[in-house]
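This report concerns only the one structure given below.
The values are calculated or read from the model by the stated rules, or taken from the named source; none is laboratory data. Model, not experiment: these values are computed from the prediction. Glycine also receives a Cβ, built like all others from the backbone with ideal geometry; neighbour counts cover every protein chain displayed. The area values use the complete protein model at the heavy-atom level, side chains included, leaving out ligands, DNA and RNA. Shrake-Rupley method; radii C 1.70, N 1.55, O 1.52, S 1.80 Å.
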Amino acid sequence: KAIIIKGFNEPCISNGDSIEIESFKIVQLELTKESMISNIQRVECVDTNILVQTNIKLLCFNSDGKYLYPIGTKGKGPGEYISINSFVIDNNNVLIIDEYQRKIITYSLLGKLISEKKFERNDLPNWTKNGIFIDDEHILFTHYIYNTINTVYSIYNVNNNNKEELYKFPVRTYNTAE
């Protein structure tokens with residue numbers, strides 16, 4: 001079965017070409033004891049919510065910036081993560097990838113635990129940075145390059161745990177993730 005990535009063959013906008021945007025809004029996020037942010041890894045807008053990922057938590061704000069709740073909790077127990085390597089949005093769910101505990105934890109967009117799936121050591125993609133569902137069963141991941149781990153893109157099948165490396169960059173780093 002061929003995997004088709006929508007938009008892959010569409011022409012890119014050249015540097016210097018303009019992108020027409022009708023409007024945009026700058027949102028100041030509410031600062032509370034629970035919503036303190038130190039190092040933003042990623043920001044995603046989902047429906048009317050804003051998800052903000054750090055390496056230790058995933059926070060949900062409304063479109064006006066009001067802090068709503070965390071998605072999941074840090075810990076070593078069931079439904080908890082040690083670190084958020086990346087997350088993926090699937091319909092009304094958020095899948096958190098915790099490579100340290102080798103598991104994917106699924107929460108609703110309201111932050112409620114739905115399921116947890118544990119993996120053997122090499123079954124889960126390593127050094128994931130971002131992920132996006134490209135169809136009902138495949139996640140396209142981008143990866144950090146670290147030492148001799150040089151996979152830039154991979155596709156992961158959530159149904160059979162198969163992972164396929166799409167592109168490796170012929171370089172290595174020295175104990176830094178790039």
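Remark on the stretch 97-173: hydrodynamic radius 13.3 angstrom, per the Kirkwood mean of 1/r across alpha carbon pairs. With the whole protein complex present, Leu68 retains an accessible surface near 70 Å², based on a 1.4 Å probe.
Taking Cα extents along the principal axes in Å as the quantity of interest, determine which of (1) 49, 43, 37; (2) 71, 30, 25; (3) 56, 27, 22 was computed from the displayed structure. Checking each listed value against the structure points to (1).
Remark: relative contact order (the stretch 69-139) = 27 percent; criterion is Cα-Cα distance under 8 angstrom and separation of 6 or more residues. Packing-based ranking of 126-134, 152-160, 36-44, 80-88 yields 80-88, 126-134, 152-160, 36-44, ordered from highest to lowest mean Cβ neighbour count within 10 Å. Computed about its Cα centre, the charge dipole of the chain is approximately 740 debye, with only Lys, Arg, Asp and Glu carrying charge at their Cβ. Extension gain for Asp136 to Asn93 (0.36 nm times residue separation, less C-alpha to C-alpha distance): 14.2 nm. Checked against a 24 Å cut-off, the cross-linked pairs Lys33/Lys57; Lys66/Lys118; Lys57/Lys103; Lys66/Lys117 give Cα-Cα distances beyond that limit for Lys66/Lys118; Lys66/Lys117. With contacts taken as Cα pairs under 8 Å at a separation of at least 6 residues, the chain carries a relative contact order of 11 percent.
Using alpha-carbon pairs under 8 Å, 6+ residues apart, how would you state the relative contact order of the stretch 33-72 in percent? Relative contact order of the stretch 33-72: 28 percent. Atom-type composition of the exposed protein surface of the chain places 51 percent of the accessible area on carbon and sulfur (1.4 angstrom probe).
Distance between the C-alpha centres of the stretch 27-64 and the stretch 145-166: 27 Å, rounded to the whole angstrom.
Measuring against 23 Å, Cα to Cα, the residue pairs Lys129/Lys168; Lys25/Lys74; Lys76/Lys129; Lys74/Lys168 contain Lys25/Lys74; Lys74/Lys168 as the ones spanning a longer distance. Averaged per residue, the chain has 66 square angstrom of accessible surface, using a 1.4 angstrom probe with ligands and nucleic acids left out. Ranking Glu120, Glu22 by solvent-accessible area of protein heavy atoms (1.4 Å probe, all protein chains present), from largest to smallest, gives Glu22, Glu120.
Summing charges over all other residues whose Cβ lies under 15 Å from the Cβ of Asn62, with Lys and Arg as +1 and Asp and Glu as -1, gives -3.
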